[in-house]
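First up is the structure itself, then whatever we jot down about it.
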Amino acid sequence: MTSDKEKQYKEHEVVDIKEVDPVQHAVGDFGWWQFWIAFSLSLLKFPIAWHQLAIIFLAAKTPFKCDDNVIHTNLTIDDRCSTRDLITGDIVACNRFIYDRSVFQETINTEWNLVCGRYQLSNVAQSVFMLGVLIGNVLFGVFADKYGRKLPMIFSIVLLLVAGIGTSLAPWYELFLPLRFATAVAIGGLMITSFVLTMEVLGGKWRTIVSTLHHIPFNLGHTSMGLIAYFLRNWRQFQLAITLPALLFLSYWWVIPESPRWLLAMGRKKEACKILTTGAEHNKRKLNSNFENLMEIKTEKIEENKANLFDLFRTSNLRTKTLAVFFNWAVCGLCFYGLAQYMGEIGGNIFINVAASGLIELPGAFLCIYFMEYFGRRNTLLSANLITALACILITFLPQNSEMEHFKFILASLGIVGSSIAFPTIYLFSGELFPTVVRNVGIGTASMCARIGSIVAPFVSSLGIINVYLPPLVFGTFPLVGAVLCLLLPETKGSQLPVTIDDGEKFGLKKKVQPSKSTNGTTNIGFVADEQL
């Protein structure tokens, strides 16, 4: 039954009240108000990139040798990690080392002797960091739904400052590890709160465009990290330098508004109205006299979702698509972060390698928009996976000598380009494949799969100690499998989004089924944060 408020609104508007989005009605899909919010929040990608990739310089590979003041003669094992006891003549583990400090004055490896039997501890530090990002995504996702987007975001910035500065002062590895974990939780919180807030002020095609361009500062942060490390060769100074800029983001408490969509969902109509009125003024849009009635109507129609993650696995077609999507997310996390770390180990100038690999990612964002628009989501993801797979597998055919370092760099960079295209593609692709009733939980779980890939990535990069061809072989094999699994997924470009679980099961089958309408008459997509993101 039509309410009195709906009738009152319809007397002034020749539109179906159920189809009106109060946020877009007030501020439009995109204007100067949304631009400054999206631009300001995208700057958070700089510290996100710096801290996620910092291990490249914090634990930079440093030549070393044993320092036991003895002559190493006739040793049958690596003489960097062992020496001969002068009394018994037995070969024993080395406990003092001399490091080549011509490039880096101090790293966590040189300060805490994370070499030989302890070399995996630097990989543990990175895996613990990625685990912290995963937990930060989950925790702050819950906080953002309960307390709004803005307050958890500011709390993440404060936590980043405290934990990041504490990490730079840590006197022991045992303290460094939990502080770095806390830094990662803050980074995970920043990722999800900033991205959700950005998406919730946008509408129409701008969600797709901005969600892709939103990651460009991440690429710039990746590039600038090489420059920062070039001037700061001590890991403590470097850690401090990538943390202190977060002080500037404390100003976002006054600069960035709360999400009006969240305020409406919580029934806080007056606060939402004030924010949207300000946004409308900045975008030079006029609001009619019944705008507050529209918001109240939409607030009254909010209903609780009862679908859950397990619904994605109850039926065969939806289960197949879900598993294929989850695997591709894991591949993106493994290859992007793994190859970024691998770039610091392939030889040559580490500063140029890292800076150049960040620059090479930039075209990926623009190519991604073009390819998804003209070739579809599935073909773009499949092709990106094949590019990464081919580039990494070709590395295994190169001989191991200094003359091949440039070719390794080019191929590894090409692999990163493929991953930088695949990441935003799989995010949008997932949002269009998962039904509305489980879209947020589906993408959130998929993002966790990307974190699992990134947790494993540093250990894959270090497989070069066993065999130099193992890292590129692993980085090439997984996206190849991901490309094959793409063949199981339907194209979603131009399709009506599935709403119910039944729609999701039938979506992509030979018989085309139109998705049913949701209770509020809309098929709007929900958003959560990305993995570089």
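The values are calculated or read from the model by the stated rules, or taken from the named source; none is laboratory data. These numbers were taken from a predicted model, which means no experiment stands behind them. FYI the Cβ positions are ideal-geometry reconstructions off the backbone, even for glycines, and counts take in every protein chain you see.
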- [ ] Give me a count of the residues in segment 200-221 that are buried (at least 24 other Cβ atoms within 10 Å of the Cβ) and part of a helix (DSSP H, G or I).
- [x] 2
- [ ] State which residue pairs qualify: first residue closer than 14 Å to ALA125 by Cα and inside segment 162-186, second residue of a type in the set (Asp, Glu) and at pLDDT below 95 in any location, beta carbons under 9 Å apart, and separation of 6 or more residues or different chains.
- [x] TYR173/GLU111
Open item on the list: Among the listed residues VAL441, VAL468, identify the single one that is touching a residue at least 60 places away in the same chain (Cβ under 8 Å), not small (Gly, Ala, Ser) and not in a helix (DSSP H, G or I).
Closed with: VAL468
Open item on the list: Quick test of your reading of the structure: LEU309 fulfils all but one of (1) modelled with pLDDT under 90; (2) surrounded by 23 or more Cβ atoms within 10 Å (Cβ to Cβ); (3) within 22 Å of the chain's Cα centre (by Cα). Name the failing condition by number.
Closed with: (2)
- [ ] Kindly indicate whether any position in segment 211-221 is of a type in the set (A, V, I, L, M, F, W, C), under 30 Å from GLN105 (Cβ atoms) and assigned by TED's automatic domain parsing to the domain that holds TRP32.
- [x] yes
Task: Members of segment 110-148 found to be among the aromatic types (Phe, Trp, Tyr) and over 21 Å from ALA182 (Cβ atoms), listed by number - done: TYR119
TODO: Kindly establish whether ILE135 is touching a helix residue (DSSP H, G or I) at 6+ places or on another chain (Cβ under 7 Å), touching a residue at least 40 places away in the same chain (Cβ under 8 Å) and under 19 Å from ALA49 (Cβ atoms).
DONE: no
